[in-house]
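Asker: Below are the structure tokens for one structure; questions will follow.
The values are calculated or read from the model by the stated rules, or taken from the named source; none is laboratory data. Note that the structure is predicted; figures quoted are calculated from it, not measured. All Cβ positions, glycine included, derive from the backbone under ideal geometry; neighbour counts span all protein chains shown.
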Amino acid sequence: MYSMLLDIIAVVALICAAYLGVGLFIYCMQPRFLYEPIRKISCTPVKFGLDFEEVYFKTADRLLLHGWFIPAPNAKFTVLYCHGNGGNMMYFLNTVNFLNKLGLNCFIFDYRGYGESQGAPSENGTYLDARAAYRWLTKKKSVAPQQIILFGWSLGGSIAAYLATKSKSAGLVIENAFTSYSAIGQKFFPYMPVKLFARFDYPTIDYVRKVTCPILVIHSKNDEIIPFELGLEIYDAANEPKRFVEIIGRHQRRHRHIPGKPKTGDAYEKAWTNWLTFLKELADIENAQQKYA
């Protein structure tokens, strides 16, 4: 009996040690799981026949970041695009081209540690990077806040939502984003106390609750990485005015996934054109109120 008890204790201890070992592994590897930067940039917007301005700008902590400003003729709005966690801005040129065809200026930039941007990625660092990009648009490019649409895809959705709590804008678009880092971590490690091991927050849903500008939430019903339900939770947490658009297309690992238009066709384009019409109507109403105030 005593021997059996020792055996049980040994098995339990072994299981606990293995569980703790997995937890420590997850804790140590989180930055590599979350950030998948690629330094090399082998193509530019020229690939799509787009004119662009090469941009270098500094963050509040003095890092030099790299971006592209792609103008569109007679654009009423400028999109500040926060891309996903993998690759660099080169991997999101399909979306840049799509936005350009909609008649939107686009400013896309690389977070620290991505592409030609200095430094190494971190949560607070990505927030500083987004604020620096916004500052470049408004100060150096003289784009008015009411003409800026903040747009974030996947990880960028959380970063754009954060920026929307700190800066004025015409609207916020969040596509295929998670509610928080721990929420997405729970999906991949359902038997682990993810919150205890989490080294990052990225609390998208908390930021969204504080956002006062119009919000468009876009999410794929068959997203295998970030569940559709998380997109619905973000939408439910958002303040009015808000809209939700369901799209199709898998959110694949690494860089095989092409966001937006290539996966969803006319429905995605219609969502954007309707959204832009809505923002223009809001702008016209605000201008009329100011005129006759």
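Asker: Mind checking whether some residue in the stretch 87-96 is in a loop (DSSP other than H, G, I, E, B) and crowded, with 22+ Cβ neighbours inside 10 Å?
Answerer: Yes.
Asker: Considering PHE107, PHE151, PHE52, which residue is over 19 Å from the mean Cα position of the chain (by Cα) and among the aromatic types (Phe, Trp, Tyr)?
Answerer: PHE52
Residue-by-condition table, conditions (1) over 15 Å from the mean Cα position of the chain (by Cα); (2) under 20 Å from PRO241 (Cα atoms); (3) at pLDDT below 90:
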residue: THR165; (1), (2), (3): no, yes, no
residue: ILE184; (1), (2), (3): no, no, yes
residue: CYS213; (1), (2), (3): yes, yes, no
residue: VAL217; (1), (2), (3): no, yes, no
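Asker: Okay, moving on. Would you confirm, using the coordinates I've provided, whether LEU155 is within 18 Å of CYS213 (Cα to Cα), surrounded by 24 or more Cβ atoms within 10 Å (Cβ to Cβ) and in contact (Cβ under 8 Å) with a residue 40 or more places away in the chain?
Answerer: So LEU155 does not fit the description; no.
Asker: Further question: Considering only residues that are at pLDDT below 90 and either within 22 Å of LYS101 (Cα to Cα) or touching a helix residue (DSSP H, G or I) at 6+ places or on another chain (Cβ under 6 Å) (or both), which ones fall in the stretch 221-246?
Answerer: Correct list: LYS221 only.
Asker: Let me ask something else. Report every pair of residues separated by at least 6 positions or lying on different chains whose Cβ atoms are under 9 Å apart, first residue within the stretch 177-188 and buried (at least 22 other Cβ atoms within 10 Å of the Cβ) and acidic (Asp, Glu), second in a loop (DSSP other than H, G, I, E, B) and modelled with pLDDT of 75 or more.
Answerer: none
Asker: What tally of residues in the stretch 38-63 results from selecting those that are surrounded by 14 or more Cβ atoms within 10 Å (Cβ to Cβ) and either part of a strand (DSSP E or B) or on the phi > 0 side of the Ramachandran plot (or both)?
Answerer: Selection size over the stretch 38-63: 2.
Asker: Further question: Only one of GLU123, GLU54 is modelled with pLDDT of 95 or more and touching a strand residue (DSSP E or B) at 6+ places or on another chain (Cβ under 9 Å). Can you tell me which?
Answerer: Details: GLU123 fails: touching a strand residue (DSSP E or B) at 6+ places or on another chain (Cβ under 9 Å).
Answer to the check: GLU54.
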